[in-house]
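The values are calculated or read from the model by the stated rules, or taken from the named source; none is laboratory data. Values in this document were obtained by computation on a predicted structure and should not be read as measured data. Glycine gets a Cβ as well: all are built from the backbone with ideal geometry, and neighbour counts include every protein chain shown.
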Amino acid sequence: MKNNYQKLLLTFFVLCLCIGINPNSNNHKEAIKYEIIQAVRHEFRKDMKNEDEKAKNLGDFFITFIVTGILNTYSDAMKYNNYYVFSTISGKENKTLSIGFLGKVYCLFDENDIRKELNKKDKK
């Protein structure tokens with residue numbers, strides 16, 4: 001009887017911990033923004049190998065500004081789903097963009113995916 005009570009108490013504690021540290025929608029959006037900015041910045045700097053550091057920093061500022069503006073515009077299109085123990089955020093066509101669990105947000109795309117999309121746009 002005591003052993004079952006301890007298991008139940010431990011399960012309740014773990015469940016409360018997961019619920020308490022589940023990332024909110026802002027955490028998801030910030031992680032998505034970070035991944036996109038890093039990919040665009042990498043592509044930008046690749047094209048500016050011979051430029052001075054001031055030009056690169058100015059470019060980084062504008063990239064951050066533009067990506068933030070675009071994401072703020074489309075933030076209403078992102079749907080946050082809270083499942084208490086974990087959370088997700090999905091975009092167009094209900095494609096899951098990130099998963100949150102134990103206080104961390106994991107993006108389901110990386111810089112390579114973003115670079116592929118940027119290169120597709122350049123070729124058109």
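I'm trying to understand the selection: among the residues of segment 7-27, which are over 13 Å from F86 (Cβ atoms) and touching a strand residue (DSSP E or B) at 6+ places or on another chain (Cβ under 6 Å)?
S25
Any chance segment 17-29 includes a residue that's in a helix (DSSP H, G or I), within 21 Å of G91 (Cβ to Cβ) and β-branched (V, I, T)? Don't jump to the end; show me each part of the working.
At the first step, the residues of segment 17-29 found to be in a helix (DSSP H, G or I) are 17-20, 25-29.
Still in the list and also within 21 Å of G91 (Cβ to Cβ): 25-29.
Okay, now just the ones that are also β-branched (V, I, T), so none.
Among the residues of segment 17-29, not one is in a helix (DSSP H, G or I), within 21 Å of G91 (Cβ to Cβ) and β-branched (V, I, T), which makes the answer no.
Among (1) touching a Cys at 6+ places or on another chain (Cβ under 7 Å); (2) not in a helix (DSSP H, G or I), which single condition is E35 missing?
(2)
Tell me whether segment 68-90 contains one or more residues that are at pLDDT 80 or above, under 25 Å from V105 (Cβ atoms) and in contact with a Leu (Cβ under 7 Å, 6 or more places away or on another chain).
Yes: segment 68-90 contains one or more residues that are at pLDDT 80 or above, under 25 Å from V105 (Cβ atoms) and in contact with a Leu (Cβ under 7 Å, 6 or more places away or on another chain).
Looking at this structure, is L97 more than 15 Å from the chain's Cα centre (by Cα) and at pLDDT 75 or above? If you could, list the steps in order and put the result at the bottom.
Numbers: more than 15 Å from the chain's Cα centre (by Cα): no; at pLDDT 75 or above: yes.
Judged against the criteria, L97 is not a match.
Which of (1) at pLDDT 75 or above; (2) under 17 Å from K29 (Cα atoms) does L58 not meet, given it meets every other one?
Single failed check for L58: (2).
Return the total of residues in segment 38-82 being charged (D, E, K, R), under 17 Å from the mean Cα position of the chain (by Cα) and within 21 Å of K116 (Cβ to Cβ). It would help to see each step written out before you state the result.
Of all residues in segment 38-82, those charged (D, E, K, R) come to 41, 43, 45-47, 49, 51-54, 56, 60, 76, 79.
Those still in the list that are under 17 Å from the mean Cα position of the chain (by Cα) too: 41, 76, 79.
Within this subset, residues satisfying the condition of being within 21 Å of K116 (Cβ to Cβ) are 41.
Residues meeting the conditions: 1.
Name the one entry in S90, S25 that is surrounded by 14 or more Cβ atoms within 10 Å (Cβ to Cβ), in contact (Cβ under 8 Å) with a residue 12 or more places away in the chain, among the hydroxyl-bearing types (S, T, Y) and under 18 Å from I114 (Cα atoms). Reasoning before the result, please.
Working: S25 fails: under 18 Å from I114 (Cα atoms).
Only one candidate qualifies: S90.
Looking at (1) under 16 Å from I114 (Cβ atoms); (2) in contact (Cβ under 8 Å) with a residue 60 or more places away in the chain; (3) touching a helix residue (DSSP H, G or I) at 6+ places or on another chain (Cβ under 6 Å), find the lone condition where E35 falls short.
(3)
For segment 2-29, give me each residue that is more than 22 Å from S98 (Cβ to Cβ) and of a type in the set (S, T, N, Q).
Those that are more than 22 Å from S98 (Cβ to Cβ) and of a type in the set (S, T, N, Q): N3, N4, Q6, T11.
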